[in-house]
Amino acid sequence: MRKKIRVKNFLLFSIIFFLFCSLGPTFADELPLPSYLNSVVISIEHNVLDSDEVDYIKNNFNWGLYTWLSFSKTAFVPVLDWHTSWDEADEGIESFKNQIDQLIEAAKAKNVKLHIVLVGGLVRYVSTYRDAKEEDIRNCQWYNDNKLAADDQITDPNAMDKYIWGTLSRYARKMRRNLEAKAKATLAFLKQKMDDNPDVIVAISGWGEVELNFNRLNSSPSIQNYFCDYSPFAVLEFRDWILHTGMYDDISGKYAGEGWSEGGSKYQGASGLAKFNQDFGTSFTTWDLKYYNWSLNDDYDSDPTDYVNNDPHRISWADYDHGNMIPTSGSYYIPGGFDPPRVMEPGEKFWDLWNLFRETMVHHYVK
């Protein structure tokens, strides 16, 4: 009886073993091929052009079938010369293209991936827009005392390249045209490179590392002393964002539907201004700006190639008077004019609205 049981067990084991061996290749064939969707990308912040370091990382860590080694490059700044036609942006970013091609070839040679991080040049590598900021300092971020930098920073000959950042306001129209032109050309180029090299470029991020200027915090006893952005471009955008006018007009505006959700026509005109004063405890007598009033009807210089900017309210770097940019009279001052709160008061309605706009301005820039 026991012998029969042993024979049956042997036969059963043999059948199972035979089935396992015969189906084994089928199981192996069912293992999914590694892809972006089923793999983990380990991206290391290091230059893929550093051949020795890449080899060291590859040889000293275990990289599984579903683990991809990638190298992140932070950050690339596509540069479109300030005086280049926006219609010629594709040719204007040739230097950037050459850098990307070099990275791709290095990654292919080492059989690794790439993650490319793009920055615009307004708050990192800020020398990118030096010409724009010097041509019209409204293209800069202004602190709440209308200074562009701290007292000890502004005397640095390289202050424009080190401490003075570009405004994130959509109302800096000429600078935005340059930024948008190079962004479209950059992304079209990178899309083509991803199509040509699907196993190399695994991710593109941008615009990265964006914030309001904080460079004066080091020289300030309190974070509440100095903050941005009070550029006349940002202030007028704040007003129109509230009123749903200008570029935020709900019908004709470029950014229709993106104004403050609780604002709009109820605050427009003289009666609307009175209601706004009542709702927010302010005492404005006009929606015109208190400092450096300007209009979207101004010529913002739609031809950058002629080196001539006829904007009637342009403020050149040569006209910047450090410490004296809050006028109390003259053509740059309107008594009772609209102005954001210049003292940080969390919980105060008008401050909270202004702070919401500041956050929204950053969001709009990166979205």
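Report yes if some residue within region 227-243 is assigned to a loop (DSSP other than H, G, I, E, B) and over 22 Å from the mean Cα position of the chain (by Cα); otherwise report no.
Scanning region 227-243, I find no residue that is assigned to a loop (DSSP other than H, G, I, E, B) and over 22 Å from the mean Cα position of the chain (by Cα), so the answer is no.
Restricting to region 32-55, what's the tally of residues that are among the polar types (S, T, N, Q) and assigned to a loop (DSSP other than H, G, I, E, B)?
Summing the residues that are among the polar types (S, T, N, Q) and assigned to a loop (DSSP other than H, G, I, E, B) in region 32-55 gives 4.
For the condition basic (Lys, Arg) and either at pLDDT 50 or above or closer than 30 Å to residue 204 by Cβ (or both), what is the one hit in 58, 8?
58
Which numbered condition trips up residue 171, out of (1) surrounded by 14 or more Cβ atoms within 10 Å (Cβ to Cβ); (2) in contact (Cβ under 8 Å) with a residue 60 or more places away in the chain; (3) not in a loop (DSSP other than H, G, I, E, B)?
Answer for residue 171: the failing condition is (3).
Of these, 190, 217, 212, 179, which one is touching a residue at least 24 places away in the same chain (Cβ under 8 Å), of a type in the set (A, V, I, L, M) and within 24 Å of residue 351 (Cβ to Cβ)?
When all the criteria are applied, what remains is 212.
Part of a helix (DSSP H, G or I) and in contact (Cβ under 8 Å) with a residue 12 or more places away in the chain: does that describe residue 276?
For residue 276, the condition - part of a helix (DSSP H, G or I) and in contact (Cβ under 8 Å) with a residue 12 or more places away in the chain - is met.
A quick yes/no check of all residues on (1) crowded, with 21+ Cβ neighbours inside 10 Å; (2) of a type in the set (S, T, N, Q); (3) farther than 30 Å from residue 321 by Cα:
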position: 58; (1), (2), (3): no, no, yes
position: 69; (1), (2), (3): no, no, yes
position: 78; (1), (2), (3): yes, no, yes
position: 104; (1), (2), (3): no, no, yes
position: 155; (1), (2), (3): no, yes, no
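Taking region 273-300, which residues are within 12 Å of residue 350 (Cα to Cα) and not charged (D, E, K, R)?
Across region 273-300, the qualifying residues are 276, 277, 278, 280, 281, 282, 283.
Given 297, 293, 355, which one is at pLDDT 95 or above, surrounded by 11 or more Cβ atoms within 10 Å (Cβ to Cβ), part of a loop (DSSP other than H, G, I, E, B) and out of contact with any helix residue (DSSP H, G or I) (no Cβ under 7 Å at 6 or more places or on another chain)?
293
Could you say whether any residue in region 157-169 is of a type in the set (Ser, Thr, Tyr) and modelled with pLDDT under 95?
no
Please identify the pairs in which a residue from region 313-334 that is more than 18 Å from residue 133 (Cα to Cα) and free of Cβ contacts under 8 Å to residues at least 40 places away in the same chain has its Cβ atom under 9 Å from the Cβ atom of a residue that is of a type in the set (A, V, I, L, M, F, W, C) and surrounded by fewer than 15 Cβ atoms within 10 Å (Cβ to Cβ), counting only partners at least 6 apart or on another chain.
So the pair list comes out empty.
Please work out if residue 90 is surrounded by fewer than 20 Cβ atoms within 10 Å (Cβ to Cβ), within 20 Å of residue 185 (Cβ to Cβ) and touching a helix residue (DSSP H, G or I) at 6+ places or on another chain (Cβ under 6 Å).
Yes: the conditions hold for residue 90.
Can you tell me which residue within region 111-121, out of those that are surrounded by 17 or more Cβ atoms within 10 Å (Cβ to Cβ) and over 30 Å from residue 307 (Cβ atoms), is farthest from the chain's Cα centre (by Cα)?
112
Kindly indicate whether residue 214 is surrounded by 14 or more Cβ atoms within 10 Å (Cβ to Cβ), hydrophobic (A, V, I, L, M, F, W, C), within 20 Å of the chain's Cα centre (by Cα) and in a loop (DSSP other than H, G, I, E, B).
The answer is yes for residue 214.
Is one or more of the residues making up region 122-131 more than 21 Å from the chain's Cα centre (by Cα) and not basic (Lys, Arg)?
No, every residue in region 122-131 fails to be more than 21 Å from the chain's Cα centre (by Cα) and not basic (Lys, Arg).
Among the residues of region 86-141, which ones are within 19 Å of residue 181 (Cβ to Cβ) and among the basic types (Lys, Arg)?
Hits for region 86-141 are 97, 130, 133.
The values are calculated or read from the model by the stated rules, or taken from the named source; none is laboratory data. Note that the structure is predicted; figures quoted are calculated from it, not measured. Don't worry about glycine lacking a Cβ; one is built from the backbone with ideal geometry, like all the others, and counts go over all protein chains shown.
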